[in-house]
Every structure is written in structure tokens, then in C-alpha cells.
Amino acid sequence: MKFFGVIGTLVAACLLPATQATWCQLFYDGGCSNSANGKINFDCANPNIFGSGGGFIKCHSTKGNKQTCLVSRCNDAACSTSDNFDVAADQDCVNMKGAGPYYKLGLL
């Protein structure tokens, strides 16, 4: 029985990257080398609002998705006012003209 569980896990692990949306990381620096959230990545298909002090962003495509990510840098936790940036997958590090305090991502 354990054998089939291992096989199922391996199959899921192989399929997951192909179905994941464009994902992004936030950074403190213009070279996108000093992560603002450790090893946490943010999926552009997940519209949750989250806090981060990073003012730079880099988004990455996946095997099955190269969509542009709409990044909203919000002034409050409700994201009632924001500055919006279209960030293409695999584009160079993008300066969002200030840091957080909150962000919301979405796919274009």
C-alpha cells in the first residue's frame, strides 16, 4: 500500500509545476538578491493580500504558465488604494517605487 502512496506523491510532484501560475518573490534591493520574505513565493493566481517590506519584485514563469502578473502595492490591509504594476514573467527585477506595506497579486 505504501508503494502506491509514493507513486501518487511522485506523480503529483511532477504535475504541480505544470499547473502552477506565474509566481513572484519580493526583495529589498534592485538586484533582486535580498529576499524580503525569506524563501516564500507568492502565486499570482492567489488574490490574497499579504504584508511585505520589499520594494522590488521578480516574477517567474512555470512550464505551463507565462502570464503577466498584476502587482498592487497597497497602502492598507484592505488594499483600498494602491499603485499597480504589470510584471511579465521572467522580466528583470522591477522597482515598485516604495515598499509595501501590503501587496495583492493577480493574473492578467
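Values in this text are rule-based calculations from the coordinates and carry no lab data. Here the structure is a predicted model, which means the values were calculated and not measured.
Phi-derived couplings, Karplus 6.51 cos²θ - 1.76 cosθ + 1.60 at θ = phi - 60°, listed residue by residue for the range 87-94: 10, 6, 4, 6, 6, 4, 3, 10 Hz, with x used for Gly and Pro. Residues whose amide H comes within less than 5 Å of that of Trp23, counting only those at least five positions distant or on another chain, are Cys44, His60 (H built at 1.01 Å from N in the peptide plane). Karplus-derived 3J(HN,Hα) values for the range 35-47, using 6.51 cos²θ - 1.76 cosθ + 1.60 with θ = phi - 60°, are 4, 8, 10, x, 9, 7, 10, 10, 7, 5, 7, 9, x Hz; glycine and proline are entered as x.
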